[in-house]
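The values are calculated or read from the model by the stated rules, or taken from the named source; none is laboratory data. Remember, predicted model here, so these are calculated numbers, not experimental data. Don't worry about glycine lacking a Cβ; one is built from the backbone with ideal geometry, like all the others, and counts go over all protein chains shown. Surface accessibility is based on the protein's heavy atoms, side chains included, excluding ligands, DNA and RNA. Shrake-Rupley method; radii C 1.70, N 1.55, O 1.52, S 1.80 Å.
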Amino acid sequence: MRTVRTVAELRALLLPDRRAGRRIGLVPTMGALHDGHLSLLRRAAAETEVVVLSLFVNPTQFDEASDLAAYPRDEAADAALAEQAGCTVLFAPSVHEVYPDGFCTTVTVDGPLTGTLEGAHRGAEHFQGVATVVTKLLNMVGPDVAFFGQKDAQQALVIRRLVRDLDIPARIEVCPTVREDDGLARSSRNVRLHGEDRDRALALRAALRAAEDAVAGGERDAAAVRDAARAAMTPFSVDPEYLAVVDPDTLVPRTAIDGDTLVAVAARVGEVRLIDNTLIPSPR
Ligand code: AMP
């Protein structure tokens, strides 16, 4: 595995592969790699010959300075894990490399895809930050396929939209959420969950399970499904920031469970803000 830090080095390194027609895969991450990231890397290694992992803690997508400051960073550990999972190129640019002096271009995905859920709670800047950095990474690497996680379902929709709207010639693949044994979705922020907060974090999975069970039990009223999910969080003393029952493609709230349905939840547990979701197939 090679580590490169500049766009010029990255392009020079990838040029022979591109000329030889070897397929390039990109896995964008903010580091602090866990099994969720590694599952994307393994999938990339299975589907493409050259696997680029980008490691960049993107300051523009953080809406809280304290979250950015506390974000875990360990490039040496990440490099070792990435190589084992089949990564061939580690791209770890500096902030200045990504945002050079005078930088003033932003990619904005408008409309309900960004105006709801994470966008509504973290502010419009969050998805502007994500859309801009992902567009840049796609332009820097020029992958045939880029791999993202269903854990960030809304982010995946936003990226699919911008790739289509801006005619970026990359296929977007969305991979399943990887969880801890007890169901907690893997997240780089989980290392900041201490003591009983680690147990309380299971409130999110409990909510999603309750929604799944309600639909499996025949409930077709979206508000009732939401109420069941909400009630499942109460024993954990965790209040959702949002708990939404929506169309998985448009994120428009559902009134009835009459098609595939995404249930998405965000909650603060101690100092840490967590998100999770489940895709419930159409009961019809
Ligand atoms: P992050 O480093 O948190 O920005 O995540 C980088 C990529 O890994 C994103 O596409 C995430 O959706 C994906 N990812 C994060 N956590 C998980 C998980 N538990 N399972 C699958 N993919 C994940």
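Observations on the model:
- Loop-located chymotrypsin sites (Phe, Trp or Tyr not before Pro) in the stretch 77-150, at most 15 other Cβ atoms within 10 Å (DSSP): PHE103
- Reciprocal of mean inverse Cα separation for the stretch 1-131 (Kirkwood radius, Å): 16.2 Å
- Charge tally in the Cβ shell below 14 Å around TYR242, where Lys, Arg are +1 and Asp, Glu are -1, TYR242 excluded: +1
- Cα shape, the stretch 56-146, gyration tensor, a/c 1.5 rule: prolate
- Per the Kirkwood formula applied to alpha carbons, the chain shows a radius of gyration over Rh ratio, Rg over Rh, of 0.97.
- Over the chain: helical MRE at 222 nm, DSSP H runs n ≥ 4 each giving -39500 (n - 2.57), nearest 500: -12500 deg cm²/dmol
- With θ taken as phi - 60° and the Karplus curve 6.51 cos²θ - 1.76 cosθ + 1.60 applied, the whole-hertz 3J(HN,Hα) list for the stretch 50-58 is 10, 10, 9, 9, 9, 10, 8, 7, 7 Hz, x standing for glycine and proline.
- Mean separation of Cα contacts under 8 Å (6+ apart) over length of the chain, as relative contact order %: 16 percent
- Size descriptors for the stretch 239-282: radius of gyration and Dmax over Cα atoms are 11.6, 37 Å.
- Residue ranges 169-177, 182-190 sort as 182-190, 169-177 when ordered by packing (mean number of other C-beta atoms within 10 Å per residue, highest first).
- Spread over its residues, the convex hull of the C-alpha atoms of the stretch 143-284 is 122 Å³ per residue.
- Dipole of the stretch 134-250 computed with +1 at Lys/Arg Cβ and -1 at Asp/Glu Cβ about the Cα centre; of LEU184, ALA231, ALA216, farthest Cα towards the positive end is LEU184.
- Mean-position separation - Cα centroids, the stretch 11-35 and the stretch 127-192, in angstrom: 15 Å
- Contour excess over end-to-end distance, with Cα ends at ALA224 and VAL191 and 0.36 nm allotted per residue: 8.5 nm
- Taking the accessible area of the stretch 42-146, probe 1.4 Å, and keeping the other protein chains in place, the carbon and sulfur fraction comes to 53%.
- The DSSP beta bridges internal to the chain are antiparallel in roughly 50% of cases.
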